[in-house]
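To start, the structure under review is shown below, and the notes come after it.
The values are calculated or read from the model by the stated rules, or taken from the named source; none is laboratory data. Just so you know, these numbers come straight off a predicted model, no measurement behind them. With ideal geometry, Cβ positions are generated from the backbone for all residues, glycine too; neighbour counts draw on all protein chains shown.
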Amino acid sequence: MTSLKRVGLSLVAALSIMIVAARPASAQVSTWNLDPDHTLARFAVKHMMIENVRGAFNKLSGSAQYDPNDVTKTVIQATIQTDSEESGSAGRDKDVKSPNFLDVEKFPTITFQSKRVEPAGNGHTKVTGDLTIHGVTKEVILDVDGPTKPLKVGKLIHVGASTALTLNRKDYGMVYNRVLDNGGVMVADEVEITLDIDMTQPAPAAGPK
């Protein structure tokens with residue numbers, strides 16, 4: 001189930017970057033960077049078919065290039081360090097990072113690269129891109145709520161967004177499982193992912209008084 005979590009997280013990080021990129025904060029092409037301290041990439045997966053196990057990835061990075069005059073020209077990329085997965089259990093995390101699931105030694109990153117970005121109406125943005133997990137690349141479509149209006153805090157401008165989706169870990173080559181005495185399995189195939197994103201760029205310098 002930890003593997004499922006990890007898939008969710010990776011997806012989560014990619015989505016966050018895409019969301020912020022969908023909306024401009026200025027009247028020209030601009031660069032936004034993922035704020036890892038205020039971005040949450042979380043996942044949940046059924047354990048023994050009776051309870052959800054939750055976790056997150058703690059090392060994320062990414063950026064987006066956005067043209068406010070044409071949202072379809074937006075380009076987004078994101079990277080997650082797989083060895084940063086945490087679920088609150090050292091033993092479980094060790095298993096999740098092992099060849100049974102994430103295999104962090106062989107696949108140290110999860111990446112997302114956008115292919116298309118389109119306005120979806122009602123404050124939403126549709127982002128299509130390639131998500132690579134465990135050496136397998138799949139096209140995913142993200143329904144992003146946001147981005148929010150830009151907010152200046154100190155020397156930075158912030159934009160927020162959120163999204164959620166469900167992935168099947170087996171689609172990414174993570175097929176390990178154990179059959180239980182009751183006929184169920186140790187870890188579910190589906191992983192639920194939620195992303196709460198904060199993207200930033202430097203605030204313009206103040207003009208002369």
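Output the qualifying pairs, or none if there are none: Cβ atoms under 6 angstrom, residues six or more apart or on different chains, first residue in the range 121-145 and of a type in the set (S, T, N, Q), second residue surrounded by 17 or more Cβ atoms within 10 Å (Cβ to Cβ).
Within 6 Å, the pairs are THR125/ALA22; THR125/VAL144; THR132/THR111.
Yes/no per residue for (1) more than 21 Å from the chain's Cα centre (by Cα); (2) farther than 26 Å from SER30 by Cβ; (3) hydrophobic (A, V, I, L, M, F, W, C):
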| residue | (1), (2), (3) |
| --- | --- |
| THR137 | no, yes, no |
| LEU167 | no, yes, yes |
| ASN182 | yes, yes, no |
| MET186 | yes, yes, yes |
| ILE193 | no, yes, yes |
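Here is a yes/no grid of residues against (1) in contact with a Pro (Cβ under 7 Å, 6 or more places away or on another chain); (2) at pLDDT 50 or above:
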position	(1), (2)
LEU9	no, no
LEU15	no, no
ALA22	yes, no
VAL29	no, yes
ASN33	no, yes
MET48	no, yes
ARG54	no, yes
LEU60	yes, yes
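From (1) touching a residue at least 60 places away in the same chain (Cβ under 8 Å); (2) in contact with a Pro (Cβ under 7 Å, 6 or more places away or on another chain); (3) surrounded by fewer than 18 Cβ atoms within 10 Å (Cβ to Cβ), pick out the condition that doesn't hold for THR82.
Of (1) touching a residue at least 60 places away in the same chain (Cβ under 8 Å); (2) in contact with a Pro (Cβ under 7 Å, 6 or more places away or on another chain); (3) surrounded by fewer than 18 Cβ atoms within 10 Å (Cβ to Cβ), only one is false for THR82: (3).
Of the residues in the range 127-145, how many are surrounded by fewer than 17 Cβ atoms within 10 Å (Cβ to Cβ) and either over 30 Å from ASP70 (Cβ atoms) or basic (Lys, Arg) (or both)?
Here the count works out to 3.
Cβ-Cβ under 7 Å, sequence separation 6+ or interchain: first residue in the range 103-117 and of a type in the set (Lys, Arg), partner in a strand (DSSP E or B). Which pairs?
That search, which allows pairs on different chains as well, returns LYS115/THR128; LYS115/GLY129; LYS115/ASP130; ARG116/THR128.
Tell me which residues, restricted to the range 159-173, are touching a residue at least 60 places away in the same chain (Cβ under 8 Å), surrounded by fewer than 22 Cβ atoms within 10 Å (Cβ to Cβ) and farther than 17 Å from LYS46 by Cα.
GLY160, SER162
Within the range 184-198, can you find the residues that are outside any loop (DSSP other than H, G, I, E, B), within 23 Å of PHE57 (Cα to Cα) and modelled with pLDDT of 90 or more?
Answer for the range 184-198, where residues must be outside any loop (DSSP other than H, G, I, E, B), within 23 Å of PHE57 (Cα to Cα) and modelled with pLDDT of 90 or more: VAL187, GLU190, VAL191, GLU192, ASP198.
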